[in-house]
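Q: Please see the structure below; I have some questions.
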Amino acid sequence: AERAAYAAAEVRAHVSVPVLKDGRLVGALGVNHAAARAWTAAEVAVIEETAARTWEAMERARAVAALRASEARFRTLVQN
């Protein structure tokens, strides 16, 4: 069934890299290719780096959102 799903989506090659933080899985990045192929170590390294950078960007965005929410609460408290 899994092979049929990949075939239907025209995926002939796939690589998935985990994103681990403090030894726990927090995400994964998968990359597909329409032609059958072997992924090189350099390509996998780029995918791993992309996954790590994407996670870091998401963490920064969450921190900024939390800071903005905190500032808004503080502003409301001061105005009241």
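The values are calculated or read from the model by the stated rules, or taken from the named source; none is laboratory data. This structure is a prediction, so every number in the text was calculated from the model and none was measured. When we count neighbours, we look across all protein chains shown, and the Cβ atoms used for this are built from the backbone with ideal geometry, even at glycine. Quick note on the areas: whole protein, heavy atoms, side chains included, nothing else; ligands and nucleic acids left out. Shrake-Rupley method; radii C 1.70, N 1.55, O 1.52, S 1.80 Å.
Q: Per residue, how much accessible surface does segment 1-57 expose to a 1.4 Å probe? Answer in Å², no decimals.
A: 72
Q: Which listed residue (F74, A57, V15) has the Cα farthest towards the positive end of the charge dipole for the chain, taking +1 on Lys and Arg C-beta and -1 on Asp and Glu C-beta about the Cα centre?
A: F74
Q: Right, something else. Within the chain, what whole-number % of the accessible surface is contributed by carbon and sulfur, with the 1.4 Å probe and all protein chains included in the calculation?
A: 57
Q: Calculate one ³J(HN,Hα) per residue across segment 27-42 by plugging θ = phi - 60° into the Karplus curve 6.51 cos²θ - 1.76 cosθ + 1.60, and present them in order as whole Hz with x for glycine and proline.
A: x, 7, 10, x, 10, 10, 9, 6, 10, 4, 6, 9, 7, 7, 4, 5
Q: Given a 1.4 Å probe and heavy atoms of the protein chains only, how would you sort V26, V46, largest accessible area at the top?
A: Details: V26 35, V46 90 Å².
Reading off the accessible areas and sorting them downward yields V46, V26.
Q: From the helices alone, meaning DSSP H stretches of at least four residues, give me the mean residue ellipticity at 222 nm for the chain, per-run term -39500 (n - 2.57), in deg cm²/dmol to the nearest 500.
A: Values: 2 runs with 46 residues, N = 80.
When only DSSP H runs of four or more count, the value is -20000 deg cm²/dmol.
Q: Also, I was wondering about something else. Under the classification rounded if a/c is under 1.5, otherwise prolate if a/b is larger than b/c and oblate if not, where does segment 7-52 fall, given a ≥ b ≥ c as square roots of the Cα gyration tensor eigenvalues?
A: On the way: a/c = 3.39, a/b = 1.77, b/c = 1.92.
Taking the square roots of the gyration eigenvalues as a ≥ b ≥ c, segment 7-52 is oblate.
Q: Run the 1.4 Å probe and let me know the accessible area of L25, rounded to the nearest 10 Å².
A: Here the residue's solvent-accessible area equals roughly 110 Å².
Q: Mind sorting out which of (1) 1.06; (2) 0.96; (3) 1.25 is the real Rg/Rh (Cα atoms, Kirkwood Rh) computed from the coordinates?
A: Read-out from the structure maps to (3).
Q: Tally Lys and Arg at +1 and Asp and Glu at -1 over the other residues with C-beta under 11 Å from the C-beta of A42: what net charge comes out? Mind dumping the intermediate values first?
A: On the way: positive: none; negative: E43, E48, E49.
Around A42, the surrounding residues sum to -3.
Q: What residues qualify as long-range amide H neighbours of G27, i.e. H under 5 Å apart, gap of 5 or more or another chain, H built at 1.01 Å from N?
A: HN-HN under 5 Å from G27: V19.
Q: From the backbone phi of segment 13-21, what are the Karplus-calculated ³J(HN,Hα) couplings (6.51 cos²θ - 1.76 cosθ + 1.60, θ = phi - 60°) in whole Hz, Gly and Pro given as x?
A: Calculated HN-Hα couplings, in order: 9, 8, 9, 10, 10, x, 10, 10, 10 Hz.
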